[in-house]
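Please read the structure below before turning to the comments.
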Amino acid sequence: MTQLTRRDFAKAAIAVGSAATFGQRATAADLQKLSVIGFADYTGPYAIIAKDTVGGREAVMRWWNAEVGNGLGVELEFRNFDTHSDPATAASLWPSVAAAKPLLLLSFGASDAVPLHDRLPDAGIPLFFSGAVPYPLWQPNGWEFAPRASYAHDVGTFFDWMYAKKKATAPIKVAMVSSQAVPLYVDMVKGVEAYAKASGKISLVSTIWDTPQPTDLTTQMKETIKANPEFFIVQTNVAQGVAVVRALQALGKDIPLVLESHCGLDPTAKALGDPSALEGCYEAHPLPMPFGQTEPKKFYDMLVSKYDLRVDFQAMVANGILHGLFATRAIEAAIRKYSTTGLNGVKIREAVTSETLKGFYGFVPDMRIDGNQPFPLNGAVNVAIYEDGKYVEAASQVPLTKLAKW
Amino acid sequence: MATLPSGVFAETYAVDRALIRTGKQWRALSIFLAFLLVGPFLFGSHFVGIANGMLITAVAAMGLQITLGYAGQINLGQAALMGMGAFATAFVAERGVPFLLAILTGGLAAAAFGVVFGLSAVRVKGFYLALTTIAAQFVFNFVIISLPTSWFGGSGGLRIPPIQVGSYRLIDETALYYFNFAVALVMFHGAIGIVRSRFGRAFIAVRDDDVVASMIGIDVAVAKSAAFLVGAFYAGIAGALWAYYIRYISVDQFTLFNSIWLIAIIIVGGSGSIVGALIGVVVIRGMQEVITFLGPQVMAVFPQLGGGIVFAGMNIFLGIVIAIFIIKEPKGLMYRWEVLKQRWRTWPFPY
């Protein structure tokens, strides 16, 4: 056997070092850069949740680049634009977005998605919505997609579950609080009306229309309570939830609320400064809830430990993570179907409407979006309740109700 | 206010009435217009996006300048009037009305809506008139949402087909820029004509003292109503341009907040000057762009700050800038520009 000399070791070390160094550089250089643009609200009315939602989706992008994109030979270049939740700003940013030719556009809400509705097909850029789908975007064969259905689906699914739980034989009487100042809020009421009519499981006895940020609803609530509602549905914002609770306290009534993901039990309790005021109230939406070491929680923990996610686990950060997963899984599906060569927005859209998107770490089930509606029909809703002063799980993965567009 | 450079004398009525009197003024205007025409090619897509918004806002601001700056009638519902124009345009455009006629319909619908509220200006003024015009904002919201969905789309909003000339669809942002530019230019010319006409002088007289105006033979009621009508017509045209630009309109695009911004534009640019309104548009929209740019940067550098703090900080910054304008230059940037021009022309003998 030939004895290895120091010179041989040195040569081998140089060869290995060169291979490692230049080999790695070659790999990094070979990664195909793909543009993804996101809208955010850093300086507008919803800036309060930007840190959570944008933080969630950005952490997912970092994770995907490191652990998935690298293997596929691509790297997502992610840029955020601030729209202040203002349609005019979103429209003014559009030429820059279109010129960048991103694979897809991540929306922050209806205010930036609606103005671009008719521009997307011409530019061939699909838009990925983050929340529940608002009415104008619920179109067949559209260019907007969402990982969850409408707010009316959330309420409907909750009352499917409640109807069965109560073993009800007559429609459950409900009342709503909303505002005509915001079209989406009006749409929420119309959705619940449609569910009531279609299912026969609830009866909407009254809707209180007030400002988006009411100070006192006692007078209106006094009239509404005469119709004996068993639940108050508040899907709009925390301010309306707080006003309903305060009015119920003033009237000495104990009627549970049903709240949404963006105005859930925790933020409402914080605003009230008294969680006991929400005793018996519910929160219903498809996002994972912070109960135990579930699969979504483990994924969140991994993002915190390895990918610089710096926000607490709650509904809005879950919304951001789901948004990021939805976008990256769609890109993966398109790469599998078409390869990375010539990948563009049109191919992403085709992949989303023809492939089953998988791998959501329990945030939502594997999803299939056909062309008839922009969201999956196989979703589920989770329900939480404030019980004995604690935020606890009431039900999980209640199958999504069937509801036609109203 | 403005003094002509020495040696420029009007020897005919036509010269005396001319807007542009010297070769230098012609050259400056030509360079400015040429800059606007080649802007999209020089500055790219981001310029086009911002400029489209500015041009549409400029039309609405010119209308508000006539109502508020010239006639002195406060109007806090200009965005609602713009919305009325947008929805009327979308309504008729959906039914196949050609785009020029649809835009005109938008202007006329807003003018009709504006006159209803303008009539109250005959009876009340100042703070009370401000409250009345705020009502326009709420009535607009309520009407659009409550009417049958088949009319104005209700809460879902209304889609509008793009401008079509033959087989050519005007959907390209740069093409829309030139279209908006052309319309804004026509409206600017019209505004200058109105404020220099008999009506314009009546507006100014009513603004300065409506009692004296009536004593010198001006029909104050007609002048106030006309000021609202013209201002609302401009808002309606702006709304129509907005509808064709966005191609999907809903009531939340025309809020009281937008009306307040239009008032801020007039304050910053200078009350009682059409050019001042345009300067106000550029400054305010420019500031909004700075905030659009700064927001994400601040969040990136100081991630520990919540979005709410950045939001508040940016709006405080904007508020401070407007407050500084009101304190230091209540007559607006246009007034300061005129002062500078006069000082330059009379330097070094300002007395």
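Using per-residue counts of other Cβ atoms within 10 Å, averaged over each peptide, order B:104-112, A:281-289 from highest down. Before the final figure, lay out the partial values.
On the way: B:104-112: 23.3, A:281-289: 26.0.
Result, highest mean Cβ count within 10 Å first: A:281-289, B:104-112.
Counting other C-beta atoms within 10 Å, and keeping those with at most 12, which DSSP coil trypsin sites (Lys or Arg not before Pro) do you find in the range A:312-406? Passing sites in the range A:312-406 are A:Lys358.
Past 27 Å, Cα to Cα, is the threshold; run A:Lys306/A:Lys337; A:Lys165/A:Lys402; A:Lys51/A:Lys306; A:Lys33/A:Lys337 against it and keep the listed order.
Values: A:Lys306/A:Lys337 30 Å; A:Lys165/A:Lys402 18 Å; A:Lys51/A:Lys306 18 Å; A:Lys33/A:Lys337 18 Å.
In this structure, A:Lys306/A:Lys337 exceed 27 Å between Cα atoms.
If I take all pairs of Cα atoms in the range B:93-175, what percentage of them are more than 16 Å from each other? Counting pairs separated by more than 16 Å, the tail of P(r) holds 67 percent. The relative contact order of chain B, computed from alpha carbon pairs under 8 Å that lie at least 6 residues apart in sequence, is 29 percent.
Work out the mean other chain Cβ neighbour count within 10 Å for the residues of A:34-43 and drop it here as an integer.
4
Can you give me the long-range amide H partners of A:Met176? Hydrogens built in the peptide plane at 1.01 Å from N, cutoff under 5 Å, separation of 5 or more residues or another chain. Under 5 Å from the amide H of A:Met176 lie the amide H atoms of A:Ser206, A:Thr207, A:Ile208, A:Ile233, each far enough along the sequence or on another chain.
I need the semi-axes of the equivalent ellipsoid of the range B:68-225: take the C-alpha gyration tensor, multiply each eigenvalue by 5, square-root it, list largest first in whole angstrom. Walk me through the numbers on the way to the answer.
Values: eigenvalues 216, 91, 25 Å².
Each semi-axis is √(5λ); the values are 33, 21, 11 Å.
From the P(r) of the range A:108-189, can you give the percent of Cα pairs sitting at distances over 17 Å? Cα-Cα pairs of the range A:108-189 separated by over 17 Å account for 56 percent.
Per residue, the average separation of C-alpha pairs within less than 8 Å and at least 6 apart gives the range A:170-230 a relative contact order of 47 percent.
I'd like the mean, over residues of B:249-255, of how many other protein chain beta carbons sit within 10 Å of each residue's own Cβ. Before the final figure, lay out each step's value.
Working: counts 3, 11, 5, 11, 8, 1, 3.
Averaged over the peptide's residues, the number is 6.
Applying the criteria of a DSSP loop state and at most 10 other Cβ atoms within 10 Å to the trypsin sites (Lys or Arg not before Pro) of the range B:191-224 yields no site. Each 5 Å bin from 0 upward holds the following percent of the Cα-Cα pairs of the range A:260-401: 2, 9, 16, 18, 16, 15, 11, 6, 4, 2, 1, 0. Take each residue of peptide A:89-102, count the partner chain Cβ atoms within 10 Å of its Cβ, and average: the result is 6.
Near A:Leu106, the amide H atoms lying under 5 Å from its own belong to A:Ile37, A:Gly38, A:Phe39, A:Phe128; only residues 5 or more places off or on other chains count, and H is placed 1.01 Å from N. Note on chain B: the alpha carbon radius of gyration divided by the globular reference 2.2 N^0.38 Å gives 1.04.
Going by how many other Cβ atoms sit within 10 Å of their own, how do B:Val251, A:Val74 line up, fewest first? Spell out each step's value before the answer.
On the way: B:Val251 28, A:Val74 22.
Ordered from fewest to most neighbouring Cβ atoms within 10 Å, B:Val251, A:Val74 come out as A:Val74, B:Val251.
Taken as entire DSSP H runs, the helices of chain B that both span 18 Å or more between Cα atoms along their own long axis and average -0.5 or more on the Kyte-Doolittle scale are B:23-43, B:45-64, B:78-94, B:99-118, B:127-146, B:173-196, B:220-246, B:256-269, B:274-301, B:307-328. Projected onto planes of every orientation and averaged, the convex hull of the alpha-carbon atoms in chain A covers 24.9 nm².
Which value, in nm² and rounded to one decimal, describes the direction-averaged projected area of the C-alpha convex hull of the range A:200-326? The partial results should precede the final answer.
Values: hull surface 38.7 nm².
Mean projected area for the range A:200-326: 9.7 nm², to one decimal.
Each peptide in B:82-88, B:334-340, B:208-214, A:146-152 was scored by the mean count of other Cβ atoms within 10 Å over its residues; highest first, the order is B:82-88, A:146-152, B:334-340, B:208-214. Trypsin sites (Lys or Arg not before Pro) within the range B:23-112: which are DSSP loop residues with at most 12 other Cβ atoms inside 10 Å? Counting only loop positions with at most 12 other Cβ atoms within 10 Å, the trypsin sites (Lys or Arg not before Pro) in the range B:23-112 are B:Arg95. Taking only the alpha carbons of the protein assembly as shown, we obtain Rg and Dmax values of 29.4, 121 Å in that order.
Taking the Cβ-Cβ separation of B:Thr149 and B:Ser214 as r and a Förster radius of 51 Å, what is the calculated FRET efficiency to the nearest 0.05?
Values: r = 47 Å, r/R0 = 0.91.
So, using R0 = 51 Å, E works out to roughly 0.65.
Rg over Rh for the range A:59-121 works out to 1.05, both radii taken from alpha-carbon positions and Rh defined as the Kirkwood radius.
Computed from the coordinates by the stated procedures, all read-outs in this text should not be read as laboratory data. Small disclaimer: the values here were computed from a predicted structure and weren't measured. Glycine gets a Cβ as well: all are built from the backbone with ideal geometry, and neighbour counts include every protein chain shown.
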